[in-house]
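Below is one structure; the comments refer to it alone.
Computed from the coordinates by the stated procedures, all read-outs in this text should not be read as laboratory data. Predicted model only: the values in this text are computed from it and were never measured. Here the Cβ is made from the backbone with ideal geometry for all residues, glycine too, and neighbour counts use every protein chain on show.
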Amino acid sequence: MPSATPVPTALPTTSYRALLRNREFAGLYSSFTLTVTANTLSGFALGMLVSHQTRSPFLTAVSMYGATFATVLGALTLMSVADGNRPRRTLLALQCVSLVGVAAQAIPGLPLPVRFGLLLVLGFFQSLGTGTRMGLLAEVVPNSAYALARSLLNITSGGMAILGYAIGAVLLRYLSPQEVFTTATVLTGVALLIVAATVREHSIRLTRRPGLRQTWTANIALFSHSGQRALLLNLWVPNGLIVGCEALFISYAPHNAGTLLAAGSAGMLVGDLTVGRLLSAERRRRCAFALRLLLAVPYLLFAAHPPLLPAAFAVFVASAGFAATLPLQEQLLALTPDPVRGQVQGVESAGRMTWQGIGAAIAGGAAQYLTPGVTITAVAAVSVAVTVFTRPLVLRAQAVRIGAEAPADNA
């Protein structure tokens, strides 16, 4: 039985460089970077392939974000493995499944139904991998460095998406989609090797055997908590609807979709860098509502079908609002018992990804009857409405968190 790995206590929390001096965190970070890049390349190649074969905005949107639909199945069934026995072994096994799935997409002539089936399988196992990785993250860095670590991961996600979309657009000028899938497979394999070389086994947080029953027990407790419900609602819905807007970029501007997607990723990078690195926890909480509004309001400009540069600037500005996830994730972590941290973070991530798929399906379905520009505007308006009308719930969740901390502060 593996021995418990002590949580670092002397790690400074004021810089990304200090985080990366932790070899284990650096390994998680590097493997995450390569995985995001591989997923971006694979998703972009699949989206272009489906768009070329079907000319359907709905199928194109679903092909880019369809894997997110299956993440909810992981959250509802086996997410307790994120806190169970041998998290390193679990993460390695899940990385192997991802490697096989990405490699299968590179098979020439694979029917579209099979490709969509692979998306669902990958989405299921990726949700478990995310929960396991986030559970390990909460152990390899102290609580005071958690927001900074999540900020760095989010920044990297945006940065690698910029490179992924840019590189994908260039590669597809010279390579077939199958060859781009092969490139993504190589990156996924390297990520697997990095995890194997750097991540150690950690303590078992759960006292019961992980499985369906344990998953449901923790999920019922999670959704019975009013503060956690409010935070999950605001982490999932506004975010997912705006991803639905992004899923229409290929239909909106077929020859410039890479530019719009890269602008969105750049805005996400800037937002996470600013909010995660420069703002205190209290200031992040105060800015969360404004950031969620910023996430949607610039997309209202698409009603006028602006030229490429104004459209790209609007996407860049709006995407800075994705940084609203940081203060909400901090609040959720503060309300989560230690033994189920991995599962709760996995559920949060799975729900957010599932809502990205729902947002893509909503936007793609509406675009079958409306123009892409009008659809983007309408979906963004719904996101604004959700943010405004659910604000009291988030404020109440903050009060619950403060009330929960009061006894500890008085102790």
For this session: Once every Cα of the stretch 83-192 carries one equal point scatterer and solvent is ignored, give the base-10 log of I(q)/I(0) from the Debye formula at q = 0.16 Å⁻¹, two decimals.
Result: -0.88
Exercise. Given charges of +1 on the Cβ of Lys and Arg and -1 on the Cβ of Asp and Glu, with all other atoms neutral, how large is the dipole of the chain about its Cα centre, in debye to the nearest 20?
Worked result: 420
Problem set entry | Estimated D of the stretch 294-389 in µm² per second, where Rh is the Kirkwood radius over Cα pairs and Stokes-Einstein applies at 20 °C, 1.002 mPa s | 142
Problem set entry | Karplus 3J(HN,Hα) series, Hz, for the stretch 187-202 with 6.51 cos²θ - 1.76 cosθ + 1.60 (x for Gly, Pro) | 4, 5, x, 5, 4, 4, 5, 5, 4, 4, 8, 10, 8, 9, 6, 10
Exercise. Kirkwood Rh, the chain, all Cα pairs: how many Å?
Worked result: 21.3
Exercise. How many nm is it between the label spots at Ala290 and Arg23, if each spot is 7 Å from the Cα in line with the beta carbon?
Worked result: 4.4
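Rank these for me by crowding, Arg391, Arg55, going from fewest to most other beta carbons within 10 Å.
On the way: Arg391 16, Arg55 10.
Going from least to most buried by this count: Arg55, Arg391.
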Problem set entry | Using alpha carbons only: equivalent-ellipsoid semi-axes of the stretch 230-375, gyration tensor based, whole Å | 28, 18, 11
For this session: Quick one: order Phe25, Phe313, Phe58 by neighbouring beta-carbon count within 10 Å, fewest to most.
Result: Phe313, Phe58, Phe25
Seminar exercise, completed: Once amide hydrogens are built 1.01 Å from N within the peptide plane, the residues lying 5 or more places from His202 or on another chain with amide H under 5 Å from its amide H are Arg88
